[in-house]
Every structure is written in C-alpha cells, then in structure tokens.
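Trainee: To start, I am sharing the structure in question, which I have written as structure tokens.
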Amino acid sequence: MCRIEEQRSEEKRRRRWVLGFGLELGGTMGLKGGESRVEKLKNSMVSRSRMKLWMIRATTSVLLWTCLVQLTALGETWGPRVLKGWPSCFHQDAASASASTATGAVALDVKSAPEDVPARVLPPKRVYKNNGYLMVSCNGGLNQMRSAICDMVAIARHLNVTLIVPELDKTSFWADPSEFQDIFDVDHFITSLRDEVRILKELPPRLKRRVELGMIYTMPPISWSDISYYENQILPLIRKYKVVHLNRTDARLANNGQPLEIQKLRCRVNFGALRFTPQIEELGRRVIKLLRQKGPFIVLHLRYEMDMLAFSGCTQGCNKEEVEELTRMRYAYPWWKEKIINSDLKRKDGLCPLTPEETALALRALDIDQSFQIYIAAGEIYGGDRRMASLAASYPNLVRKETLLNPADLRFFQNHSSQMAALDYLVSLESDIFIPTYDGNMAKVVEGHRRYLGYKKTILLDRKLLVDLIDQYNMGSLTWDEFSAAVKDAHGERMGNPSRRLVIPDRPKEEDYFYANPWECLQPSHEDELLSKI
C-alpha cells in the first residue's frame, strides 16, 4: 500500500512537473509569438510613418520648387528688385539679363541653351492699339517678293495693324511651291521686328474662319504710292473689314518722299529680318568657302535665260527655231502684255540683257583677269554650251553651284527656283566683284545690299553704250585698244560708288530704285563720304 501510495505521489509530481513545464513552455512560446506580432506591427507602423514622411517631403519639395520657378519668372517681368537680383535657374546669364530688362533696354529669351551659345537678345515688344489685320500675297521672283515684303512691313507699322506672314507667289513662270518658312527664317523674321510691328503666322481662329468662307476684302494697291495713300485709303478699309488682303504687292510703295523712319524700316527688314533658313545659309557658306580656297571670284548674274528672253522679246544671236520658240512662250502668258517686239530696236535702246558673247567682250575690255573664277548666278542659259562657248574660251574658270556641289547637296532645292536663287544671292553678296548683265530685281537688290555692306565693288554695265561700241568693234570701226579704252572710260563711275538716288517727279518707274541705292540707311561714315561727293 505504501508502495502504491508512493507510486501515486510520484506520478502526481510528474504530472505537476509536466504541467508546469508545459505551462512554462506555453507561456514562453506565447510571449515570443506575441513579441513577434508586436514587432511586425511596430515595423509596419514605422514603415508607414517613414513612407508618409517621405511623401510629405517630396510633395513639399515639388511645391517649393514650383513656387521658386514661378517667383523667378514673375520677378524677371514685374516682381520686386530683390527677385530680379536672384540668379536664374535657367541660364547662367540671367542676372545680367534681368538688369537689362529692368532698364527697359532689351528682353532676353530665357530658354535653356548650351553654355557656349550666347543668350538670344530680343527687342522689347511694341505695344499699340491694333487697327486690324493685313494679309499679303507677293508676286514675282525671290527678290521682287523680298522688296515687297519690306514695303508691307513698313506699311503695317505705319498703320498700326497686325501683319500675317506673307504668302509667296506659286503661280508665276517659275511655279515654285516654296512657302515663306522654306526660304526665310520665319521665327527670326517675327521676333527681330517685334518692337516695330506684331507679326503672326496665321490669323486668329475666328477671323481665319471668316477668310476660309470668303468673307475678306481683297485688292491690289496702287503702284508707287506714297505712304499717305495707305493711311487715307487702306486703313479705313482695315478698320471696316478687320482683315484686308493685298495682292500683287511689288513696287507699291514709292521710292522717294517717304518719312525717314519708313525708309530705315525698309532697310532693317531687308538687311536684318529677312534672313534665309539655316539650311540655305549653311549651303551658301560652303559654296563661298570652296570659291575662296581658289582665290578671288566674280559673280556674273548672266540673265540670259529662256523666261527673260521670252518676256523681253530679245533674240540677239538666236536661230530661227529659237526665235519661234521664245515668241510662242511669250504669247502663252497673258499677263506678259507686250507681244509684238522689235528685238533689234529694243537692244539698241539698252533694254535687252547682254548675250554671253557680248558679256565676254565687255569683261575683256574692262581688263578682268582671265584667271579669276567666274561664278554664274543664273538658271539654265538659253542655247546651252553653244552660247557659252565664247565666254568659256575667254574665262575658262567658269563655275556654278551645280559644278561646285554634289547633286545630293542640291537635291532638296531642285524645282525650287527661289531657294536656288537664295543661294546665288548669298554668294553674290560675298563676291569680290558683282556684275549683272541686266538690271532686273536681283541685280538691283544685290547692288543695294552690297552698298549697305560698305560699297563693295559692283560693275553696272551701260548696256545701251556697250552694244553700240560692240557693234562698232565688230564692224571694224574701232580697234581693240579704242574699244577697251571707251568701255573703261564709260564705267569708271559705275562701280557702286556713293551717290544719291535719281528722283524724277511723276515718273517713278524711271527714277532710281530704292532697294538699289538705299542711301538713307547707310552708316554715318558712308553718308559723310556720299555728301562730300555731291
């Protein structure tokens, strides 16, 4: 019994020990499990707190940065001086830009730019009450349209209207589909003139819709008109219709008698605002570099092309088939009003472009060095190599853009006569001597631009005298020395020297063209020289 009791007591002790161990073990396990869940909760709470703090910080940073940018932008325009003194976040030169803006001298383009590219300086916008909108459709070739654009900008400025970027001619003989922005740097055109006139690429939507519906007043202005004509006749129409469209805008503003600010603005547009596209400028520089590598060069504007001969009716040196072809072409264009033309009489009056043969004699008589490169600034010469033979024999270094450049370089310019003419224009400006054989629009505008660049040498051939001397020489009435001496004597003062424009009252077509001699726009040193010679 005692043994049984002892066994029972021992069993109870084991049970109590196992139970106690189990409870202890259970309590320990439970505590550890509880601690693990709490830690997870704490970690989760910490993570959430950190995430929330990070989001707050990020949001605050974005808001602060936005405010800083806005304050900086506002400070550059109308903010307090303390803001204008802050350095800009956009450009390293913004501090100096702000100072310039504060004085009202210039406004700067604050777009980000590479460090080695200077900030673009823009004139401040001109603020004026807008009287309406002026649309313009130019006609003719590149330089005819160029001078018309200059006139229209001056007119828009005088009338206090908004000018829409001019539309270029696509229906003339050349049928060039180029838009304004294909030839000229349109953004430079707009921004460089913004202190004079507001220029838009297109009409505001409401007015644009009206134009699309045909609700627009269209007219050609009267040729060679004084600026008062536009003030008294055109401005009331703009105020009435809100939009006026002027077509056929060539030679619509008179050469002389205009206010000095009008004349100077015409020059500013021509010599500064009408910059060619970067692609044309770059290709022009390449051509000039290739020419310069071989020494001096002359640009010969040999206007002996099919359209010029057909239009003028000049057929000197052409065979019977060529005369008939040119005559048919002249009659095919109804706006070429003059149909029956006596070519011989017109030539003797000096109204025909010089032929390649006549040009060769004139250059030799002027002692133009036969080793010089002669760049032909023109389209395809009528008659081809046959007509160019005598000129090539006298001056073997004849070159053209087509011979200096690879076909791939001109691929995008083919069938775009105005863009090709723009290349010739750039090369003409840089030549050592510029010689036009006809006084067309390119000859006149290049002559004036070369005067503006410092009276660069331009030989203005006296065609009426030359053809008479050439005929005498060919008939044996003059020896070569006599012929050469007469040619030199006649052209001694026809080298683009300083002079005032010829004014012929009531006959504006016969007086000197403004763009050939814009003497009001020349530098003071040139004006002093000019006036001393008058």
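Trainee: Excluding N406 itself, what net charge comes from residues whose Cβ is under 14 Å from its Cβ, given Lys and Arg +1 and Asp and Glu -1?
Mentor: +2
Trainee: Residue separation times 0.36 nm, minus the C-alpha to C-alpha distance between Q279 and T218: what's the value?
Mentor: Gain in length upon complete extension: 18.5 nm.
Trainee: If amide hydrogens are placed 1.01 Å from N in the peptide plane, which non-local residues have theirs closer than 5 Å to the one on T162?
Mentor: Here N131, G132, Y133, L134 satisfy the definition.
Trainee: With each label point set 7 Å from Cα along the Cα-Cβ vector, what nm distance links R386 and L453?
Mentor: 3.7 nm
Trainee: Would you mind getting the accessible area per residue of region 257-305, heavy atoms of the protein chains only, 1.4 Å probe, in Å²?
Mentor: With all protein chains present, region 257-305 gives 43 Å² per residue.
Trainee: Please arrange T191, T249 by accessible surface area, largest first, computed with a 1.4 Å probe and ligands excluded.
Mentor: T191, T249
Trainee: Report the net charge of residues surrounding V211, where surrounding means a beta-carbon distance below 11 angstrom and charges are Lys +1, Arg +1, Asp -1, Glu -1.
Mentor: The answer is +3.
Trainee: For region 194-304, report the translational diffusion coefficient in µm²/s to the nearest whole number, using Stokes-Einstein at 20 °C, 1.002 mPa s, and a Kirkwood Rh over Cα pairs.
Mentor: My calculation gives 118 µm²/s for D.
Trainee: On to the next question. Got a number for carbon plus sulfur as a percent of region 414-527's accessible area, 1.4 Å probe?
Mentor: Roughly 47 percent, rounded to a whole number.
Trainee: If you take the Cα Rg of region 331-415 and divide it by 2.2 N^0.38 Å, with N the number of residues, what do you get?
Mentor: It is 1.38.
Trainee: Figure the gain on full extension for M495 and V323 (residue separation times 0.36 nm, minus the Cα-Cα span) and round it to one decimal in nm.
Mentor: Between M495 and V323, full extension yields an extra 58.5 nm.
Trainee: Give the Debye-formula value of log10 I(q)/I(0) at each listed q (0.21, 0.23 Å⁻¹), with one equal scatterer per alpha carbon of region 120-195, two decimals each.
Mentor: The computed values of log10 I(q)/I(0) come out as -0.98, -1.12.
Trainee: So which of K456/K509; K444/K509; K289/K456; K294/K488 end up more than 21 Å apart, counting from Cα to Cα?
Mentor: K456/K509; K294/K488
Trainee: Please list 3J(HN,Hα) in residue order for region 211-227, calculated via the Karplus relation 6.51 cos²θ - 1.76 cosθ + 1.60 where θ = phi - 60°; whole Hz, with x for glycine and proline.
Mentor: These are the phi-based 3J(HN,Hα) values: 5, 4, 8, x, 8, 8, 9, 10, 6, x, x, 6, 4, 6, 7, 6, 4 Hz.
Trainee: Report D409's accessible area, 1.4 Å probe, all protein chains in place, as a number in Å² to the nearest 10.
Mentor: 40 Å²
Trainee: How many Å³ per residue does the convex hull of the Cα positions in region 377-478 occupy?
Mentor: Value for region 377-478: 138 Å³ per residue.
Trainee: Give me the percent of Cα-Cα pairs in region 306-463 that sit more than 28 Å apart, rounded to a whole number.
Mentor: Here the tail beyond 28 Å accounts for 24 percent of pairs.
Trainee: Sticking with this one: Whenever you get a sec, line up F412, F173, F271, F180 from highest to lowest accessible area (probe 1.4 Å, protein heavy atoms).
Mentor: F412, F173, F271, F180
Trainee: In nm, what is the difference between 0.36 nm times the number of residues separating K125 and E231 and their Cα-Cα distance?
Mentor: Gain on extension, K125 to E231, equals 35.9 nm.
Trainee: Rounding to the nearest 20 debye, state how big the charge dipole of region 277-390 is about its Cα centre with +1 on each Lys and Arg Cβ and -1 on each Asp and Glu Cβ.
Mentor: Using Cβ point charges on Lys, Arg, Asp and Glu, region 277-390 gives about 220 debye.
Trainee: So what does the Cα-only Debye profile of region 221-376 read at q = 0.20 Å⁻¹, as log10 I(q)/I(0), no solvent term?
Mentor: The calculated log intensity ratios at q = 0.20 Å⁻¹ are -1.15.
Trainee: At R0 = 45 Å, how high is the FRET efficiency between D349 and A175 if r is their beta carbon distance? Nearest 0.05 is fine.
Mentor: Taking R0 as 45 Å, the efficiency between D349 and A175 is 0.90.
Trainee: When Lys and Arg each count +1 and Asp and Glu each count -1, what net charge do the other residues less than 10 Å away from C150, Cβ to Cβ, add up to?
Mentor: +2
Trainee: Given labels modelled 7 Å from the Cα in the Cβ direction, how far is it in nm from K488 to R239?
Mentor: Result: 6.3 nm between the two label points.
Trainee: Additional query: Among P436, Y425, L466, flag the residue with its Cα farthest along the positive direction of the charge dipole of region 340-497, charges on Cβ as +1 for Lys/Arg and -1 for Asp/Glu.
Mentor: Y425
Trainee: If amide H atoms are built 1.01 Å from N in the plane of the peptide, which residues on other chains or at least 5 residues away come under 5 Å of the amide H of G496?
Mentor: T458, L460
The values are calculated or read from the model by the stated rules, or taken from the named source; none is laboratory data. This is a predicted model, so every value here is computed, not measured. Quick reminder, even Gly has a Cβ in these numbers, built from the backbone with ideal geometry, and neighbours come from all protein chains shown. All accessible areas refer to the heavy atoms of the entire protein, side chains included, with ligands and DNA or RNA removed. Shrake-Rupley method; radii C 1.70, N 1.55, O 1.52, S 1.80 Å.
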